[in-house]
């Protein structure tokens, strides 16, 4: 089984934008321990899908607002370009 990849989150930032919510307050809203919030903020813990939704609900946001995902549209374009013989540098510069 592969190791889960780290995902970025905005939890610390969102706590402060929500009336300087404490880690304990957020933990209670999401039904986890304060240590879980600490680990999430430090990027040392990847939340379950259920927890990700509970955190988003605690902030009144969508999951992707709490855990932003950088979409890599150029990956598929790059694959097609590579298959067609276009140099990698050319498609990456165009699709950033």
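The values are calculated or read from the model by the stated rules, or taken from the named source; none is laboratory data. The structure presented is a predicted model; accordingly, all values stated were derived computationally and were not measured. Because the Cβ atoms are built from the backbone with ideal geometry, glycine has one as well, and the counts that use them run over all protein chains shown.
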Failed condition for residue 74, given (1) assigned to a helix (DSSP H, G or I); (2) over 18 Å from the mean Cα position of the chain (by Cα); (3) under 22 Å from residue 6 (Cα atoms); (4) at pLDDT 65 or above: (4)
Failed criterion for residue 47 (all others in (1) part of a loop (DSSP other than H, G, I, E, B); (2) surrounded by fewer than 18 Cβ atoms within 10 Å (Cβ to Cβ) hold): (2)
Residues of the range 1-17 classified as more than 21 Å from residue 70 (Cα to Cα) and surrounded by 15 or more Cβ atoms within 10 Å (Cβ to Cβ), total: 1
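Does the range 2-16 include one or more residues that are at pLDDT 95 or above and assigned to a loop (DSSP other than H, G, I, E, B)?
Yes, there is a match, as at least one residue in the range 2-16 is at pLDDT 95 or above and assigned to a loop (DSSP other than H, G, I, E, B).
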